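Structure first, then comments.
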Amino acid sequence: MTYEGSTTHPGCWETTVWIILNKPIYITKHELYQLRKLMQGSEDAPKAPLGNNARPVQPLHQRTIRTNINFKNSE
């Protein structure tokens, strides 16, 4: 599923397409640690870590959620 939304850091620009997976992806603690070490910006001028930038759930505001799941035939 996808929907158009905004970034999670100040500015909150509405330029993001969020992807919601219908099945979980499992990763190890080490893989999670490596993801949290990723930085925004270039290697020469890193800006901020990508992790810990979550914010509370926001209202849908007429956004369309798109999916290729056929709910009519699901059991």
Under 21 Å from Lys37, Cα to Cα: lysines that are on another chain or at least 8 residues apart:
Lys29, Lys47
Here are labelled values, (i) 14.3; (ii) 13.3; (iii) 15.3, and one is the computed Kirkwood radius over Cα pairs in Å for what I pasted. Which one?
(iii)
Note, the range 35-45: 3J(HN,Hα) by Karplus (6.51, -1.76, 1.60, θ = phi - 60°), whole Hz, Gly/Pro = x, goes 5, 5, 7, 4, 10, 6, x, 8, 5, 6, 9
Lysines with Cα under 20 Å of Lys72, excluding same-chain neighbours fewer than 8 positions away
Lys23
Return the carbon/sulfur percentage of the accessible area of the chain, one whole number, probe 1.4 Å, all protein chains in place.
57 percent
Take Trp18, Trp13 and sort them by solvent-accessible surface of the protein heavy atoms, 1.4 Å probe, largest at the top.
Trp13, Trp18
How much net charge surrounds Leu38 when only other residues with a Cβ under 13 Å from its Cβ are counted (Lys, Arg +1; Asp, Glu -1)?
+1
Accessible area per residue of the chain at 1.4 Å probe, in Å²?
94 Å²
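The values are calculated or read from the model by the stated rules, or taken from the named source; none is laboratory data. Just so it is clear, the structure is predicted and the values come from calculations on it, not from any experiment. Ideal geometry is used to build each Cβ from the backbone, glycine not excepted, and the neighbour counts take in all protein chains shown. These accessible areas exclude ligands, DNA and RNA; they are computed on the full protein's heavy atoms, side chains included. Shrake-Rupley method; radii C 1.70, N 1.55, O 1.52, S 1.80 Å.
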